[in-house]
Each structure stands twice: as structure tokens, then as C-alpha cells.
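Colleague: Quick one: this structure, given as C-alpha cells, is what I'll be asking you about.
The values are calculated or read from the model by the stated rules, or taken from the named source; none is laboratory data. Being a predicted model, the structure only gives us computed values, none of them experimental. A quick note on method: Cβ atoms are made from the backbone with ideal geometry, for glycine too, and the neighbour counts reach across all protein chains shown. Keep in mind that these areas ignore ligands, DNA and RNA; they rest on the heavy atoms of the full protein, side chains included. Shrake-Rupley method; radii C 1.70, N 1.55, O 1.52, S 1.80 Å.
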Amino acid sequence: MAKFRCPICGKELDVQLKTEKEPIGGLHEAVVQHEDHLVKIYIDADGFVRRAFPVEHFIRVDPPLYTIYIYEDRAEIIDRNGHTYITDPALLIDAVKKITS
């Protein structure tokens, strides 16, 4: 757990970051949503926040047309309106293999 003072509002925050992987450049990077603003932080391997600064521009792109989850016994296709379609996973697995090969 890392503690730091938000550079925007001044409140103290606790952040729990998964750190299984070795950090690139010695620091883990995270974007924290805090109240109505975002803060980017860099945490060292010992859990200390070394840098924290406001994220001034955060752009959310339109969601994809479909999201696909493939399980062993079924595949779920969810459209952008939240409708879920369940189908046989074998056809989708074959299609994904062709695309990624």
C-alpha cells in the first residue's frame, strides 16, 4: 500500500497496486481516479510514491461495437448496448486463431 497527498485537492490517499512484475525503469506507474479528477503516480519497488501529478487530459474513446468472452463451454458476444449473445465457442476460437496467426 502506498500513501501520497493528492496534488490537486491536497487530501491524503492510500493506493494498493499489484506489483508482481518488475517495474520498467524502476518505477510502477498508475493513474488514480480521485473524486472528480485523475492523478498519475509513480511508485518505487518499496511502495513509496516518488512522483504524483494531475492528469490534465483524459480522453475516453467510443466503446467497441462488440466485446467477446470465450469460455470452455460457451462464447459470449456483448454489443455496445449491453445485449449478450451466447454461442458455441469452437467457431470463435477458430476465427481468433486465423486472425492471430
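Colleague: Scan Ile70, Ile99 and give me the residue that is β-branched (Val, Ile, Thr) and in contact with a helix residue (DSSP H, G or I) (Cβ under 9 Å, 6 or more places away or on another chain).
Modeller: Ile70
Colleague: Scan (1) of a type outside the set (A, V, I, L, M); (2) in contact with a helix residue (DSSP H, G or I) (Cβ under 8 Å, 6 or more places away or on another chain); (3) more than 25 Å from Ile8 (Cα to Cα) for the single condition His83 breaks and write down its number.
Modeller: Condition not satisfied by His83: (2).
Colleague: Taking region 57-75 as the search range and keeping residues that are under 30 Å from Asp36 (Cβ atoms), of a type outside the set (Val, Ile, Thr) and open to solvent by less than 100 Å² (accessible area, probe 1.4 Å), which one is modelled with the highest pLDDT?
Modeller: Pro64
Colleague: Under the condition of being more than 12 Å from Ile68 (Cα to Cα) and of a type in the set (Ser, Thr, Tyr), which residue from region 81-101 is most open to solvent (accessible area, probe 1.4 Å)?
Modeller: Taking the candidates together, the pick is Ser101.
Colleague: Quickly run through region 18-50 and pick out the residues that are over 17 Å from Cys6 (Cβ atoms), surrounded by 10 or more Cβ atoms within 10 Å (Cβ to Cβ) and hydrophobic (A, V, I, L, M, F, W, C).
Modeller: Leu27, Ala45
Colleague: Of the conditions (1) exposed (fewer than 13 other Cβ atoms within 10 Å of the Cβ); (2) over 30 Å from Phe4 (Cβ atoms), Ile78 satisfies every one except a single condition; which number is it?
Modeller: Unmet condition: (1).
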